[in-house]
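The values are calculated or read from the model by the stated rules, or taken from the named source; none is laboratory data. Please read these numbers as outputs of a predicted model, since none were measured by experiment. Here the Cβ positions follow ideal geometry from the backbone for every residue, glycine too, while neighbour counts run over all protein chains shown. Areas reflect the complete protein model, heavy atoms only, side chains present, ligands, DNA and RNA absent. Shrake-Rupley method; radii C 1.70, N 1.55, O 1.52, S 1.80 Å.
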Amino acid sequence: MTLNIFVFDAHPVANTLNAHLAKTYADAARAAGHQVTTMSLSDMQFDPDFGQTHYRHTKPFEPDLETFVQALEAADHLVMTMPMWWGSYPAKTKALLDRALMTGRAFDTRNANFIGLPKPLLTGRTARVIITSDTPSFFQKWVYGNAFQKQIRNQVLSFVGIKPSKFTWLAAAGQPKDGQVEKWAAKIAELGRAGQ
């Protein structure tokens, strides 16, 4: 099955391991016949400040934000690569989510469910989140309860209708052992070919 895949490098710096993994996934997916759109957070220009305490009178999207949202709306499958910094997103990554995932495009506050959650507007899409970290996966799971993955899955992606979401945790990314990056890249390429 051919998919429209949006591969987003959510690292705020260019030429990183995350960028390499995003390119690896995109190249493998294209070679397998998938339609692939790519973007990098490091190339994007936008005001990170939401600037309001409510959803009325929100700032208009800058061109890069509009391009991001259009790519997300067109996608069947979202792939994001990102680092975990201090247990969560880099600041620019969080700012992108604050600005881009807005009512009317990602969710609808006028149509809430029985417990008051707004209607998600990005249903019918799946996601793969590739996280690089220095925290080993077993420590992230048993000590921190996979808090970062739960936040992304439940409070961001599922909230706007993107599900299921799957995660690939790569550690220790700061000081990888010899040959480790190549093993990770092979794993990511396999996911790209499968469109997963």
Query - Calculated FRET efficiency for the pair LYS59/ASP134, C-beta based, R₀ 45 Å, to 0.05 - result: 0.80
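DSSP loop chymotrypsin sites (Phe, Trp or Tyr not before Pro) in the range 1-54 with at most 16 other Cβ atoms within 10 Å of their Cβ, which ones?
Listed in order of number, the matching sites are PHE50.
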Query raised in the report: Using the Cβ atoms and a cut-off under 9 Å, what net charge is assigned to the surroundings of GLU62, where Lys and Arg are +1 and Asp and Glu are -1?
Result: -1
Report task. Evaluate the Debye formula for the range 63-196 with equal point scatterers sitting on the alpha carbons, no solvent, and hand back log10 of I(q)/I(0) at q = 0.11, 0.17, 0.20 Å⁻¹, in q order, two decimals. Result -> -0.45, -1.01, -1.29
Query - Cα pair distances of the range 121-196 binned at 5 Å [whole percent] - result: 3, 14, 21, 20, 20, 14, 5, 1, 0
Query raised in the report: What is the sum of charges around ALA74, taking Lys and Arg as +1, Asp and Glu as -1, for the other residues whose C-beta is under 14 Å from the C-beta of ALA74?
Result: -1
Report summary line: Quick calc: nm separation of the 7 Å Cα→Cβ label points for ASN4 and GLU73 -> 1.1 nm
Query raised in the report: Got a number for the accessible area of LYS59? Probe 1.4 Å, square angstrom, nearest 10.
Result: 70 Å²
Query raised in the report: In a shell of Cβ-Cβ distance under 10 Å around LEU170, excluding LEU170 itself, what net charge do Lys and Arg (+1) and Asp and Glu (-1) give?
Result: +2
Requested in this report: Return one whole number: the accessible area per residue of the chain in Å², for a 1.4 Å probe.
Outcome: 53 Å²
**Report entry** Value at 222 nm in deg cm²/dmol, rounded to 500, when DSSP H runs of n ≥ 4 in the chain each add -39,500 (n - 2.57)
**Finding:** -10000 deg cm²/dmol
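Can you sort LEU17, LEU117 by 1.4 Å-probe accessible area, starting with the largest?
From most accessible down to least: LEU117, LEU17.
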Query raised in the report: Given labels modelled 7 Å from the Cα in the Cβ direction, how far is it in nm from ASN111 to SER88?
Result: 3.0 nm
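What size of dipole, in debye to the nearest 20, comes out for the range 66-148 about its Cα centre when the only charges are +1 on Lys and Arg C-beta atoms and -1 on Asp and Glu C-beta atoms?
I would put it at about 120 debye.
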Query raised in the report: Using a Förster distance of 41 Å, how high is the FRET efficiency between GLU66 and TRP142, based on the Cβ-Cβ distance and rounded to 0.05?
Result: 0.50
**Report entry** the range 106-196: Lys pairs at Cα distance under 30 angstrom, eight or more positions apart or on different chains
**Finding:** 20
Query raised in the report: What order do MET82, MET1 take when sorted by accessible area (1.4 Å probe), most exposed first?
Result: MET1, MET82
